[in-house]
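Everything below concerns the one structure shown next.
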Amino acid sequence: MYRDDFGRGNSQERNSEDVFSKPVRAGKRTYFFDVKSTKGNNDYYLTITESKKRMEHDGSFVFDKHKIFLYKEDFEKFQEGLAEVIEYIKNNCFDGEIPQRAEGESSGVEFEDL
């Protein structure tokens, strides 16, 4: 869990325990796939967090974070939907193969543009 989440109204995460975490660096963003257990360890869910470093007007850095909570009853539908969209993009937008970003290369699309 991210320590700066405490005190910001994220009460759902305060009662959870980290089980497994997989960070994935992708250009200027980092994605965190975190398996959490509910209070009492009787259930599990996934959080997907996008984190992007940006500079404030005073020159200091902050991290923008956006989170998705994915519960077990939605895993299959989420996976099917994601696979379908990726397949569509491969077949209709990039002639069968999505171009790969070289390590450290920016996508050219800024988060603020989305």
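Overview of values
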{"item": "Net lengthening on full extension, Glu56/Ala102 (0.36 nm per residue, minus Cα-Cα)", "result": "13.8 nm"}
{"item": "Heavy atoms of Asp74 accessible to a 1.4 Å probe, total area in Å² rounded to 10", "result": "70"}
{"item": "Rounded to the nearest 10 Å², the accessible area of Tyr44 at probe 1.4 Å", "result": "110"}
{"item": "Reachable lysines from Lys39, criterion Cα separation under 19 angstrom, eight or more residues apart if same chain", "result": "Lys72"}
{"item": "Restraint check, Lys22/Lys52; Lys28/Lys77; Lys22/Lys65; Lys36/Lys65, Cα-Cα greater than 20 Å", "result": "Lys28/Lys77"}
{"item": "Within-12-Å neighbourhood charge of Asn91 [Cβ basis; K, R +1; D, E -1]", "result": "-3"}
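The values are calculated or read from the model by the stated rules, or taken from the named source; none is laboratory data. Predicted, not measured: the structure shown is a model, and the values here were computed from it. Every residue, glycine among them, receives a Cβ derived from its backbone with ideal geometry; neighbour counts consider all protein chains shown. Each accessible area value is taken on the protein alone, full model and side chains, heavy atoms only, with ligands, DNA and RNA left out. Shrake-Rupley method; radii C 1.70, N 1.55, O 1.52, S 1.80 Å.
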